[in-house]
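Note sheet for the following structure.
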Amino acid sequence: MINVTKTFLPPQEEYQAILQRAWDTGWMTNRGVLVQELEAKLKDYLEVGNIIAMTNGTLPLQIAIKALGLTGEIITTPFSYVATTSSIIWEGCTPIFVDIHPEYLTIDETQIEAAITPKTTAILATHVFGNPCDVEAIQVIADKYGLKVIYDAAHCFGVKYKGQPIFNYGDVSTCSFHATKLFHTGEGGALFCKPEYYDVMFSHHNFGHEGQEAFKGLGINAKMSEPQAAMGLAVLPYMETILEQRKQVVASYNEALASLPLKPLKLREGTQWNYSYYPVIFENETQLLKAKIKLNENNIFPRRYFYPSLNTLPYLKTDAMPIAEAISKRVMCLPLYLGLSKNQIKGIVSKFI
Ligand SMILES: *Cc1c(COP(=O)(O)O)cnc(C)c1O
């Protein structure tokens, strides 16, 4: 079976040797040595100013919205994973969708201003498949209207834009370390923010504690545990290998698909990408479904991602988003993981013809 992704697992003895340190201290969570070491190593690896490791990639979004004190309307993208929209609603705010760019697949920054009302407090956009939003244009709009900017950067481990780590843009960026993501801790995630927000974000992820016996404000529990951090510490040394092999898989797909009427992802200029996904856009949904059935018959399981367009969620009533809805129906992510051979890729692509 070939799935859309396959979790990279480090040699088990390496994971266990790291986990042994948690056994030695008898300390399983509450920011033990492993979480602190992982944060330090990631800060270095990613070249970011700060990081808070968390237990998944959704809580950082909710914490960002809560800790920035956002209310009212948040401008967002319909082309993302459901967590982007559901976090806005979960925090009592209203998502206001702005359609996407048909090739970059990120929020169409030229349509943002028209969606701003006196109730707008922030922009929450997704760097889709590791492809950055137009972060500069978005910042100009945010500054003009006094809005906060949060990026759902769940797909962006290791991505740089114009030489800068993508996590450094905006007021807050979040990442997911879920087992299906490029770098993982089983379940896990992280929040990156401007230095002035670090204390409030940190406090919110740990019940609002200020020391053991005092509280500085409202909080929730989003702490990463030691076994999660151990997985991260075991995976991190393999990042160069993971990226190098994924780069080769992407190159093989590019070559094999070149003659087919499928559109690959268009990366924004200035992007140092991480080969996180291989989406292809079909000419129409019928062709996508035909290819999907044929692939499934051969035990190959690509994924319709992102589908459906988030403005059509059953708990929402919003305007139509013509581009996001059309793309959602026509986009599929092909299997992409370390170890996928050139022959397997040829086999996958042959099912399209
Ligand atoms: C995976 C993902 C999330 C959620 O991350 P979890 O770690 O699964 O909670 C949020 N947004 C996007 C775009 C994602 O792909």
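Just so you know, all these numbers are worked out from the coordinates, no wet-lab data involved. The shown structure was predicted, so the numbers you read here are calculated from the model rather than taken from an experiment. So basically every Cβ, Gly included, is an ideal-geometry build from the backbone, and we count neighbours across all protein chains shown.
Taking Cα centre as origin and charging only the Cβ of basic (Lys, Arg, +1) and acidic (Asp, Glu, -1) residues, the dipole magnitude of the chain rounds to 1060 debye.
Judged by the mean number of other Cβ atoms found within 10 Å, the most tightly packed of the peptides 153-163, 133-143, 182-192 leads the ranking 182-192, 153-163, 133-143. Taking all Cα-Cα distances within the chain, those exceeding 26 Å account for 50%.
The sum of -39500 (n - 2.57) across all DSSP H runs of n ≥ 4, divided by the residue count of the chain, sets its helix-only mean residue ellipticity at 222 nm to -11000 deg cm²/dmol. What's the local net charge at Ile96, with K and R +1, D and E -1, over the other residues with C-beta under 13 Å away? Charge balance near Ile96 sits at -2. Net charge near Tyr81, counting Lys/Arg +1 and Asp/Glu -1 over other residues with Cβ under 14 Å of its Cβ? Its environment carries a net charge of +2.
When both the stretch 121-181 and the stretch 9-38 are represented by their alpha-carbon centers, they are found 30 Å apart. Report for the chain the percent antiparallel among DSSP-assigned beta bridges with both residues inside it, nearest 5. Here the antiparallel bridges make up roughly 55 percent for the chain. Centroid-to-centroid, using Cα positions, the stretch 194-231 and the stretch 262-290 are 37 Å apart.
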